[in-house]
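Participant: The structure that follows is given in the form of structure tokens.
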Amino acid sequence: MEKASVETETKKIQPQILYYGTPVILLTTLNEDGTVNISPLSSSWALGNYIILGLGTGGKAFENLKRHPECVINIPDPALWKNVERIAHYTGKNPVPEDKKLHGFTYNPEKYETGKFTAIESESVQPARILECPIQIEAKVNAIRVPDYCEEFSIVETEAVHVHAHKNIIIEENHINPDKWSPLIYNFRHYYGLGEKLGVTFRA
């Protein structure tokens, strides 16, 4: 039997970003005035009950977590990509950092309203959850590390304390049904589900 033809020739490239297909997260953190900020993220991974987040050190989420080490990791599904994109070019930090200005960001403290999201009270942490996200993970921050080799980014180590999920994606009480659940994927600045392309972020 002949093997199927597979393209194996490579070329060295220099892509602007390396978001090669990771789930979108909407991180909610507590502002100094008690309101809640929403930050779209695309850098995270989980090991057991520990979730590692990659955050820019110039953003509001980083500032908030240093002051109040609690958050909610809200995970949207593909149906919410337009809601995510509505807040993608806003920051909760005022004044807007110069590097964010260069990339088209503007200040907006009302991200729940702008994104058409609904705030729902958390059980064990102060930041609110996002009702529309099918998975919502309340978490506490165990450590924040800013690498010496790149002070623009931080590695935030969180620990899940409660996981909430929409009932329609749950099977056997404590399991997520992968046939019913699909994360929103950030694929080289384009939005995807686990299937067809859904749209393009403003920075593409």
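Participant: Among the numbered criteria (1) free of Cβ contacts under 8 Å to residues at least 40 places away in the same chain; (2) assigned to a loop (DSSP other than H, G, I, E, B); (3) buried (at least 17 other Cβ atoms within 10 Å of the Cβ); (4) out of contact with any Gly (no Cβ under 8 Å at 6 or more places or on another chain), which single criterion is violated by residue 93?
Facilitator: (4)
Participant: Okay, moving on. Run residue 64 past the list (1) touching an Asp or Glu at 6+ places or on another chain (Cβ under 7 Å); (2) buried (at least 19 other Cβ atoms within 10 Å of the Cβ) and report the number of the one that doesn't hold.
Facilitator: The single condition residue 64 does not satisfy is (1).
Participant: Hey, another quick one. Only one residue in 112, 186 is within 19 Å of the chain's Cα centre (by Cα), surrounded by 12 or more Cβ atoms within 10 Å (Cβ to Cβ) and not in a strand (DSSP E or B), so which one is that?
Facilitator: Exactly one of 112, 186 is within 19 Å of the chain's Cα centre (by Cα), surrounded by 12 or more Cβ atoms within 10 Å (Cβ to Cβ) and not in a strand (DSSP E or B), namely 112.
Participant: Here's something else I'd like to know. If you scan segment 165-183, which residues turn out to be under 16 Å from the mean Cα position of the chain (by Cα) and not in a loop (DSSP other than H, G, I, E, B)?
Facilitator: Correct list: empty.
Participant: Can you say whether residue 142 is part of a strand (DSSP E or B), loosely packed, with under 12 Cβ neighbours inside 10 Å and not β-branched (Val, Ile, Thr), as far as the supplied structure shows?
Facilitator: yes
Participant: When you go through (1) in contact with a Gly (Cβ under 8 Å, 6 or more places away or on another chain); (2) buried (at least 19 other Cβ atoms within 10 Å of the Cβ); (3) farther than 23 Å from residue 155 by Cα; (4) not aromatic (Phe, Trp, Tyr) one by one for residue 85, which number turns out not to apply?
Facilitator: Every condition holds for residue 85 apart from (2).
Participant: Please determine whether any residue of segment 7-27 is acidic (Asp, Glu), free of Cβ contacts under 8 Å to residues at least 12 places away in the same chain, assigned to a loop (DSSP other than H, G, I, E, B) and within 30 Å of residue 195 (Cβ to Cβ).
Facilitator: Yes, segment 7-27 contains at least one residue that is acidic (Asp, Glu), free of Cβ contacts under 8 Å to residues at least 12 places away in the same chain, assigned to a loop (DSSP other than H, G, I, E, B) and within 30 Å of residue 195 (Cβ to Cβ).
Participant: Based on this model, can you work out whether residue 132 counts as touching a residue at least 12 places away in the same chain (Cβ under 8 Å), part of a loop (DSSP other than H, G, I, E, B) and surrounded by 14 or more Cβ atoms within 10 Å (Cβ to Cβ)?
Facilitator: yes
Participant: Now, a different point. With the structure loaded, tell me whether residue 151 is acidic (Asp, Glu), over 17 Å from residue 74 (Cα atoms), outside any strand (DSSP E or B) and in contact (Cβ under 8 Å) with a residue 60 or more places away in the chain or whether it fails that test.
Facilitator: So residue 151 passes the test.
Participant: Further question: Please count how many residues of segment 173-186 are in contact with a strand residue (DSSP E or B) (Cβ under 7 Å, 6 or more places away or on another chain) and more than 15 Å from residue 88 (Cα to Cα).
Facilitator: Counting residues in segment 173-186 that are in contact with a strand residue (DSSP E or B) (Cβ under 7 Å, 6 or more places away or on another chain) and more than 15 Å from residue 88 (Cα to Cα) gives 3.
Since every read-out is calculated from the coordinates, none of them should be taken as a lab result. The model shown is predicted, which means the values in this text are computed figures rather than measured ones. With ideal geometry, Cβ positions are generated from the backbone for all residues, glycine too; neighbour counts draw on all protein chains shown.
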